[in-house]
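Report on the following structure.
The values are calculated or read from the model by the stated rules, or taken from the named source; none is laboratory data. Source: prediction; values computed, not measured. Here the Cβ positions follow ideal geometry from the backbone for every residue, glycine too, while neighbour counts run over all protein chains shown. Accessible surface is based on the protein model in full, side chains and every heavy atom, while ligands, DNA and RNA are left aside. Shrake-Rupley method; radii C 1.70, N 1.55, O 1.52, S 1.80 Å.
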Amino acid sequence: MDKAQVASMLEEIATLLALKPEASVFELRAYENAARALVSVDGDLNQLVAEKKLKGTPGLGPTMIKRVEEAVQNGKIAFLDELRAETPAVKLEMMRIPGVGPKKINAIYDQLHVTTLAELEQVCKDDKVAKIPGFGKKTQEKILQGLAFLKQHADRFRFDVAFAEAERIRTALATLPEIVRLEVAGSLRRRRETVKDIDMVASVDDNAPEEAREKIMSFFTTQPTVISITGKGTTKSSVVVASGIAMDLRVVSDSQFPSTLHHFTGSREHHIPLRRRAQNMGMTINDYGLFKISEGKEELVPCHEERDIYAALKLDYIAPELREDTGEIDAAAQHKLPKLVEQSDMRGILHAHTTYSDGQKTLREMVEGCIERGYSYLGITDHSKAAAYAGGLSEEDVRRQWAEIDQINAELQGRFHILKGIECDILKDGALDFPDEVLAGFDFVIASIHSNFNLSPEEQTKRMLKAIANPYTSIIGHPTGRILLGRAGYTLDMEAVIDAAAEQGVCIEINAHPSRLDMDWRLVRKAREKGLKVPLGPDAHAIEGLDDVFYGVGIARKGWLSADDVPNTYTSERLIEFFRAQRERRLSQ
DNA sequence: GCCGTTTTCGGCCCGACTGTTTTCAGTCG
C-alpha cells in the first residue's frame, strides 16, 4: 500500500461523507486535507508507519494517522468499508455530473430511487426530475446534457489540446480594441498535464460602456471553433469548443483584472492557505481585490498586477505553475523560491529520432530544424536494435550514423554540434541493448523501457535499477512509460528509482512529448530535492516535434527546476564535459 | 477531524452564478 493508494482511500471517504447529509463539512475537509498531506510526505509509507513517523505532519491528526496505519497494515479501512456499504454506487457516479452535487444527488435518490446513470437518464426523459421540489426543467436538462458529456469524454483533456484551443480564441480576442488585458487562467495557466476546461480573463477600461462587454462576449460566442453556447452574459460567458472542451470567458474592469486573474488561476488548494495568511494579517481576498479590514470596514489595497497581491501579503511572487499548495507559500515567505527555468534558457535538444530509426526526417533535416529554432546542439538518439518495431539501429547502423555526424560536425564547426547519442532499450533483465564497447562510443546514452510492461512492480523496479547501475547510462528516458489519458504506465517504485539515480549521478528526463510528460512534475520536485539533473527531451520524430520542448518547460517549472537543474540549458562545451565527467566518475567507482 | 504568539474550544476561504425561488440553496472554482 503506497501513499497514493492510501490518499485515494481518504479522498473516497471525503466524497462519501459529502453524500451523508448529517456529516460535518469540516470533517470531510479534514479527510481531503489529510489525503493531500499524505501525498507530499517524504519517504516510504510502510517504513513511516512502522517507525511511527507520521505524527506531527500538518493535516494528519490522531484519527487520520489511525486510518493510515490501518490501511497500511490491513490493506483496508473499516470506516471506508462502512461508508461504501451504506452508500449506493450510483450516488458516487452522479458526483461526476457537472452542476450536480451531494444535495441534488440525495434528493434525486430519495425521491426516485434510481440505481444507475441509465435510469437517471430515463427519469429525466420522463420529466420526473423536474417535479422534485427545488428542481425544475433547466436542472433536468442540465443533468441530461451532463450525462451526454460524460458519455462522450472522460472529462479531461491533454494540455496541448486545450492549449491549442485556448490560443485560437485568445489570438482572436486580442484583436479587439476594447480589451485592455487578456490572459488564460485556470489549470492551463498552471500548466497541468491534463485539464478539465479552459478559463480566460479579459479586462476593459474601468469607464468602458456596457456595450464594450457585450461586443466582446458576442465576438467570443461566435468564434468559428465554438460548437455550442452554454451561457452568455456581460461578465461571464461559457461555450464548448470544437474538441469538446468547455471554455469560460470573464470580462472585468481593468482595475480588478489582477485579482480576477489570480482567483481563476487557482488552485483552490493554493488559495486556502493564502487566504488564511491574509486573514492573519487583517486582510481578506476575493476575486475583486485584496482588502484591509479596519474597524469592520474593508479598504481596497491597490494591486496593479498579480505581483502586488503577493507583495501585500509579504510574499515573493509565486509563478502560476507553482500554485498547487506544495510548499510554495512558505518558500515565498522565506525568499527561497527558485528562479524557474524558461524556454529561452534552452540551448540544445536531447532526445530526437531520425530516418535511421523511426523518425520522419533525416539527420541533416533535424539539424536544420534545430538551427532555425536557435539551438546550438542536438543530441541525436535513435532507437537501439531491440526496438525492432521502430527500426532500431544495429551496431553497423550506429557506425554509419557516427560517420555522418562527424562529417556534419566538421561542416558546421563553431556554429552547431551534434552529440552522438542513442535511446538504448532496457532489456527485460535490466541489461542495455548494446555491449559496453559500443556504448563507450556514444557521447551519452538514454536508457528506456519499451517492452515487458507487465512485470511485477518489484521486477520492474529491479530492472530499472540495474539499468541505472550501468556506468554508460547517462539518462533514463520516459521513466514510467505512461500515456496521458491512454495508459497508466508500468508500475515501479519511482522513489527507489530517483534515489538510485541520485546516488549514481544518473539523470532522469522529462519526456516533453505532450502525450507523455513523463516524469511527472510531482516526481520532478522530488528529483530536484535529491539533486538530480533533469534534461528535457522532446522525443522528436519530426521537425515540429522539436517544439514540444515547450511542454517540457512547463513541467520543469511545475517541478521547481532552475536552468542549472536542466543540462540542456548548458552550452555544448559544458554539456559534453558534464557527460564525460559523469561517465568517468562512474567507470572509476 | 484539525488546530492554536489573543484560542485546548470554537472556529474552519469566499463570492458569483444558476435555477429556483420571492429571499435562498446548491454548486463551482
Query raised in the report: Name the pairs: first residue in the stretch A:73-88 and more than 25 Å from A:LEU112 (Cα to Cα), second residue of a type in the set (Gly, Ala, Ser) and surrounded by 10 or more Cβ atoms within 10 Å (Cβ to Cβ), Cβ to Cβ under 6 Å, at least 6 apart or on different chains?
Result: A:ILE77/A:ALA71
Requested in this report: Tell me which residues, restricted to the stretch A:465-481, are open to solvent by less than 10 Å² (accessible area, probe 1.4 Å) and either of a type in the set (Lys, Arg) or farther than 14 Å from A:GLU584 by Cα (or both).
Outcome: A:ALA467, A:ILE468, A:ILE475, A:ILE476, A:GLY477, A:HIS478, A:PRO479, A:GLY481
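Considering only the stretch A:6-14, I want to know if a residue exists there that is within 28 Å of A:GLY559 (Cα to Cα) and at pLDDT below 85. It would help to see each step written out before you state the result.
Initially, the stretch A:6-14 is screened for residues within 28 Å of A:GLY559 (Cα to Cα), giving A:6-12, A:14.
Narrowing further to those that are at pLDDT below 85: A:8.
Among the residues of the stretch A:6-14, at least one is within 28 Å of A:GLY559 (Cα to Cα) and at pLDDT below 85, which makes the answer yes.
Conditions (1) among the hydrophobic types (A, V, I, L, M, F, W, C); (2) away from DNA strand B (no atom under 12 Å from the Cβ); (3) open to solvent by less than 50 Å² (accessible area, probe 1.4 Å), marked per residue:
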{"site": "A:ASN74", "(1), (2), (3)": "no, yes, no"}
{"site": "A:GLU86", "(1), (2), (3)": "no, yes, no"}
{"site": "A:VAL90", "(1), (2), (3)": "yes, yes, yes"}
{"site": "A:PRO98", "(1), (2), (3)": "no, no, no"}
{"site": "A:PRO102", "(1), (2), (3)": "no, no, yes"}
{"site": "A:HIS113", "(1), (2), (3)": "no, yes, no"}
{"site": "A:LEU117", "(1), (2), (3)": "yes, yes, yes"}
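Looking at the stretch A:233-243, can you tell me whether even one residue there is within 11 Å of DNA strand B (Cβ to nearest atom), within 16 Å of A:ARG181 (Cα to Cα) and either without any contact (Cβ under 8 Å) to a residue 40 or more places away in the chain or surrounded by 17 or more Cβ atoms within 10 Å (Cβ to Cβ) (or both)? Explain how you work it out, then say what you get.
To start, the set of residues in the stretch A:233-243 that are within 11 Å of DNA strand B (Cβ to nearest atom) comprises A:233-238.
Imposing the further condition that a residue be within 16 Å of A:ARG181 (Cα to Cα) reduces the set to A:235-236.
Right, trim to either without any contact (Cβ under 8 Å) to a residue 40 or more places away in the chain or surrounded by 17 or more Cβ atoms within 10 Å (Cβ to Cβ) (or both) and you get A:235-236.
Yes, the conditions are met somewhere in the stretch A:233-243.
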Report summary line: (1) in a loop (DSSP other than H, G, I, E, B); (2) within 15 Å of DNA strand B (Cβ to nearest atom) all hold for A:TYR317 apart from (2)
Report task. Go through the stretch A:510-547 residue by residue and tally those that are under 25 Å from A:ARG364 (Cα atoms), buried (at least 24 other Cβ atoms within 10 Å of the Cβ) and touching a Pro at 6+ places or on another chain (Cβ under 7 Å). Result -> 2
Query raised in the report: Could you give every pair whose Cβ atoms fall below 6 Å, whose first residue belongs to the stretch A:366-377 and is modelled with pLDDT of 95 or more, and whose second residue is of a type in the set (Gly, Ala, Ser) and in a helix (DSSP H, G or I), counting only separations of at least 6 or pairs across chains?
Result: A:SER376/A:SER572; A:TYR377/A:SER572
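To keep it simple, each residue is scored yes or no on (1) at positive phi; (2) surrounded by fewer than 16 Cβ atoms within 10 Å (Cβ to Cβ); (3) touching a residue at least 40 places away in the same chain (Cβ under 8 Å); (4) not in a strand (DSSP E or B).
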site	(1), (2), (3), (4)
A:GLN407	no, yes, no, yes
A:ILE422	no, no, yes, no
A:GLY430	yes, no, no, yes
A:HIS450	no, no, yes, yes
A:ASN454	no, yes, no, yes
A:ARG463	no, no, no, yes
A:GLY489	yes, no, no, yes
Requested in this report: Please note which helices (runs of 4 or more DSSP H) are completely contained in the stretch A:505-589 and include at least 1 residues that are under 20 Å from A:HIS353 (Cα atoms) and over 20 Å from the mean Cα position of the chain (by Cα).
Outcome: A:572-587
Report task. Hey, can you tell me all the residues within the stretch A:44-83 that are assigned to a loop (DSSP other than H, G, I, E, B), among the small types (Gly, Ala, Ser) and at pLDDT 90 or above? Result -> A:GLY61
